[in-house]
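Structure, as structure tokens:
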Amino acid sequence: MPAGGRRYRALELLVKQKRMTRTQPVPCVMRDDGIAEDDSLAENDERVGLHPLDQFRAFKLLREGGMSEEDIAARHFVTPAIVKQRLRLASVSPKLHDVYGADDMTLEQLMAFSVIADHARQEQV
């Protein structure tokens, strides 16, 4: 999944406005290592706060990739307690994440579901 979609569209606009040529070189970084969600979180979190669900998912992928909670915290300038909380929220049923993502549930309600790990029970409640 390529990063920099907004930058690419901005370059297209510059070309359309004739402020830049189509063949003008543009520096970029090509990476095929790392986790796309982590890159997205790092690029966008400071500019415009991402939806907490995006942060849950990125932290979960980093943890599953072997990073410690402390390393994730240092990488994203948050406390290890925040990482732990987000990882706990990431463990809630994906169906409930969808409800939360659609703004049909508050963060506090989602947090209440993290008390138990059983997804079927979470969804039943």
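What follows draws every value from the coordinates through simple rules; no lab data is involved. Since the structure is predicted, the reported quantities are computational estimates derived from the model, not experimental observations. Cβ: placed from backbone, ideal geometry, glycine included. Neighbour counts: every protein chain shown.
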Quick one: length gained pulling I82 to S114 fully straight, 0.36 nm per residue minus the C-alpha distance? 10.1 nm
Which of the peptides 8-19, 107-118 is most tightly packed, and how do the rest follow, judged by the mean count of other Cβ atoms within 10 Å per residue? 107-118, 8-19
Cα-based reach from K84 at 19 Å (exclusive), listing lysines while leaving out same-chain residues under 8 positions away: K60
With a Förster distance of 25 angstrom and the Cβ-Cβ distance between D103 and E123, calculated FRET efficiency to the nearest 0.05 equals 0.85
Quick query: amide H of S91 versus all other amide H atoms, modeled in the peptide plane; which residues come in under 5 Å with a sequence gap of 5 or more or a different chain? none
So what J values fall out for region 98-114 if you push phi through Karplus, 6.51 cos²θ - 1.76 cosθ + 1.60 with θ = phi - 60°, rounded to Hz, Gly and Pro as x? 4, 5, 5, x, 8, 6, 9, 8, 7, 4, 5, 5, 4, 4, 4, 6, 6
Apply the Karplus curve 6.51 cos²θ - 1.76 cosθ + 1.60, θ = phi - 60°, to the phi angles in region 63-73 and return the couplings in whole Hz, x for Gly and Pro. 5, 5, x, x, 6, 7, 4, 5, 5, 4, 4
